[in-house]
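Visitor: Just dropping this structure here.
The values are calculated or read from the model by the stated rules, or taken from the named source; none is laboratory data. Only a predicted model underlies this, so the values are computations on that prediction, with no experimental measurement involved. So basically every Cβ, Gly included, is an ideal-geometry build from the backbone, and we count neighbours across all protein chains shown.
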Amino acid sequence: MIEKAISPDTLRPSEEIRDLRLLEELERNPVISQRELSHKFNIALGVTNACLRRMARKGWIRIRDLNPRKIGYYLTPKGVIEKGKLTLNLVSFRIQHYAELKKIIAARLLEMQNKGLKRLIFYGISDEMEVAYITLQGVTLKLVGIVEDDEKFKPQIIFGYEVEPVSRVQELKPDCILITSLTENGKKRENLVKIYGSRSVCIKDICIS
């Protein structure tokens, strides 16, 4: 049976992270172009322009025309203070994110354990998988392998296990599978449905919105 995780009300501070990264980059290189910023942080040129204008309105940066083809973006004292605040906010978020993620994973593992399941597979190599491995130490489930999408698979050993492509997951004979990635959860569930069909295996995932 496949069950989806219930997303808690934990929001990623994407705008704050974007602002912090932009301020950090402008502090290092104030004459970087908007196009270079857009490419470096993979955001649309229009969004980059809007962010810089907003920062200028708030007094975080000062925009100077250096020559007809070059513009400089210089952090103001207020911008330096704001960068410090954003850094503290990001650290706080990451601590809360880790605690929330650990709580969700612990709940998923306990659900599997309470069903009498024993053999567990991790599906998805990620930072979340490392949290899952730490959390696993508090239950009786036994990790019997780690799998990754076939197109992402490369031979490697993690936590003492040889990583296998997901197409070979049945060879590991798991009772349950935990999708240990916050990205492409839908695709991973679809892969497992194709592999297992109607055969019984407990599949759960983790998700933080």
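Visitor: Could you check how many residues of segment 162-209 are more than 19 Å from Asp127 (Cα to Cα), in contact with a helix residue (DSSP H, G or I) (Cβ under 7 Å, 6 or more places away or on another chain), in contact (Cβ under 8 Å) with a residue 40 or more places away in the chain and not polar (S, T, N, Q)?
Guide: 4
Visitor: Within segment 34-64, track down each residue that is under 20 Å from Val80 (Cα atoms), small (Gly, Ala, Ser) and surrounded by 14 or more Cβ atoms within 10 Å (Cβ to Cβ).
Guide: Ala56
Visitor: Being touching a residue at least 12 places away in the same chain (Cβ under 8 Å) and surrounded by fewer than 17 Cβ atoms within 10 Å (Cβ to Cβ) is the filter here, so list the residues in segment 134-160 that pass it. Outline the logic, then answer.
Guide: We begin by selecting, within segment 134-160, every residue touching a residue at least 12 places away in the same chain (Cβ under 8 Å); these are 134-136, 138-150, 152-153, 158-159.
Once the filter is applied, which keeps residues that are touching a residue at least 12 places away in the same chain (Cβ under 8 Å) and surrounded by fewer than 17 Cβ atoms within 10 Å (Cβ to Cβ), segment 134-160 yields Ile134, Gly138, Val139, Thr140, Lys142, Val144, Asp150, Lys152, Phe153, Ile158, Phe159.
Visitor: Right, next: Looking at Ile125, Ile146, Ile134, Ile158 in this structure, which one is within 19 Å of Cys202 (Cβ to Cβ) and within 20 Å of the chain's Cα centre (by Cα)?
Guide: Selected residue: Ile146, the only one of Ile125, Ile146, Ile134, Ile158 that is within 19 Å of Cys202 (Cβ to Cβ) and within 20 Å of the chain's Cα centre (by Cα).
Visitor: Being over 32 Å from the mean Cα position of the chain (by Cα) and hydrophobic (A, V, I, L, M, F, W, C) is the filter; apply it to segment 39-88 and report the residue that is farthest from Arg28 (Cα to Cα).
Guide: Leu66
Visitor: Could I ask something else about it? Can you tell me which residues in segment 168-209 are farther than 21 Å from Gln113 by Cβ and among the hydroxyl-bearing types (Ser, Thr, Tyr)?
Guide: Listed by number, the residues that qualify are Ser181, Thr183, Ser198, Ser209.
Visitor: Then there's this: Please go through segment 51-75 and pick out each residue that is touching a residue at least 12 places away in the same chain (Cβ under 8 Å), out of contact with any strand residue (DSSP E or B) (no Cβ under 8 Å at 6 or more places or on another chain) and over 17 Å from Ser38 (Cα atoms).
Guide: Lys58, Gly59
Visitor: Continuing with this model, one more query. Please determine whether any residue of segment 175-185 is at pLDDT below 90, in the same structural domain as Lys102 (by TED's automatic domain parsing) and part of a helix (DSSP H, G or I). So that I can check it myself, show each step before the final result.
Guide: To start, the set of residues in segment 175-185 that are at pLDDT below 90 comprises 181-185.
Subset that is in the same structural domain as Lys102 (by TED's automatic domain parsing): 181-185.
Now drop any that are not part of a helix (DSSP H, G or I), which leaves 185.
For segment 175-185, residues at pLDDT below 90, in the same structural domain as Lys102 (by TED's automatic domain parsing) and part of a helix (DSSP H, G or I): present.
Visitor: Of the residues Ala56, Ala5, only one is at pLDDT below 95 and not aromatic (Phe, Trp, Tyr); which?
Guide: Ala5
Visitor: Out of everything in segment 90-122 that is free of Cβ contacts under 8 Å to residues at least 12 places away in the same chain and loosely packed, with under 14 Cβ neighbours inside 10 Å, what residue ends up being farthest from the chain's Cα centre (by Cα)? Can you show your working first?
Guide: So in segment 90-122, the residues free of Cβ contacts under 8 Å to residues at least 12 places away in the same chain come out as 91-92, 94-95, 99, 103, 107, 114, 116.
Of the ones still in play, those that are also loosely packed, with under 14 Cβ neighbours inside 10 Å are 91-92, 94-95, 99, 103, 114, 116.
Values: Val91: 15, Ser92: 16, Arg94: 11, Ile95: 14, Ala99: 14, Lys103: 16, Asn114: 28, Gly116: 30 Å.
Checked segment 90-122; the qualifying residue farthest from the chain's Cα centre (by Cα) is Gly116.
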